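A.B. asks: Mind having a look at this structure? Questions to follow.
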Amino acid sequence: MSRDVVFVHGMWSQASVWDAWLPFFTQRGYTCHTVALPGHRPDVSEAELARVGFGDCIDAAVSVVSRLER
């Protein structure tokens with residue numbers, strides 16, 4: 001059985017916010033996955049971010065989770 005943990009960052013951060021936690025969980029036998037929400041890069045423009053909806057963020061999380069073993 002796979003022991004996966006999925007980390008989803010908040011709306012005003014990015015996936016790298018979890019970098020410090022990944023070794024903690026990996027050392028305890030978990031396979032870690034981070035979700036990079038669309039439009040949450042350091043170089044994103046306000047116009048690009050304005051085009052991202054909540055559904056886009058859900059799709060990004062579902063995309064990661066759907067690839068995990070059941």
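The values are calculated or read from the model by the stated rules, or taken from the named source; none is laboratory data. Small disclaimer: the values here were computed from a predicted structure and weren't measured. Cβ coordinates were reconstructed from backbone atoms using ideal geometry, including for glycine residues, and neighbour counts include every protein chain displayed. Accessible surface is based on the protein model in full, side chains and every heavy atom, while ligands, DNA and RNA are left aside. Shrake-Rupley method; radii C 1.70, N 1.55, O 1.52, S 1.80 Å.
A.B. asks: In deg cm²/dmol and to the nearest 500, what is the mean residue ellipticity at 222 nm of the chain if only DSSP H runs of at least 4 residues count, each as -39500 (n - 2.57), divided by the residue total?
C.D. replies: Details: 3 runs with 23 residues, N = 70.
Calculated at 222 nm, the ellipticity per residue is -8500 deg cm²/dmol.
A.B. asks: I would also like to ask the following. Given N residues in the chain, what is Rg(Cα) / (2.2 N^0.38 Å)?
C.D. replies: 1.22
A.B. asks: With the crude spin-label approximation of a point 7 Å out along Cα→Cβ, what separation in nm comes out for V65 versus Y30?
C.D. replies: In this crude label model, V65 to Y30 measures out at 1.5 nm.
A.B. asks: What is the angle, in °, between the Cα long axis of helix 54-66 and the longest principal axis of the Cα atoms in the chain? Nearest 10 is fine, range 0 to 90.
C.D. replies: 20 degrees
A.B. asks: Could you work out what % of the accessible surface of the chain is carbon and sulfur, using a 1.4 angstrom probe and leaving DNA, RNA and ligands out of the count?
C.D. replies: On the way: 3000 of 5140 Å².
Roughly 58 percent of what the probe reaches on the chain is carbon or sulfur.
A.B. asks: Sticking with this one: On a full-extension model of 0.36 nm per residue, what is the gain between A50 and V17, subtracting their alpha-carbon distance, rounded to one decimal in nm?
C.D. replies: Numbers: separation 33, 0.36 × 33 = 11.88 nm, distance 2.16 nm.
Length gained between A50 and V17: 9.7 nm.
A.B. asks: Leaving out ligands and nucleic acids, note down the accessible area per residue over the chain with a 1.4 angstrom probe, in whole Å². Intermediate values should be presented prior to the final figure.
C.D. replies: Working: 5140 Å² over 70 residues.
Using a 1.4 Å probe on heavy atoms only, each residue of the chain averages 73 Å².
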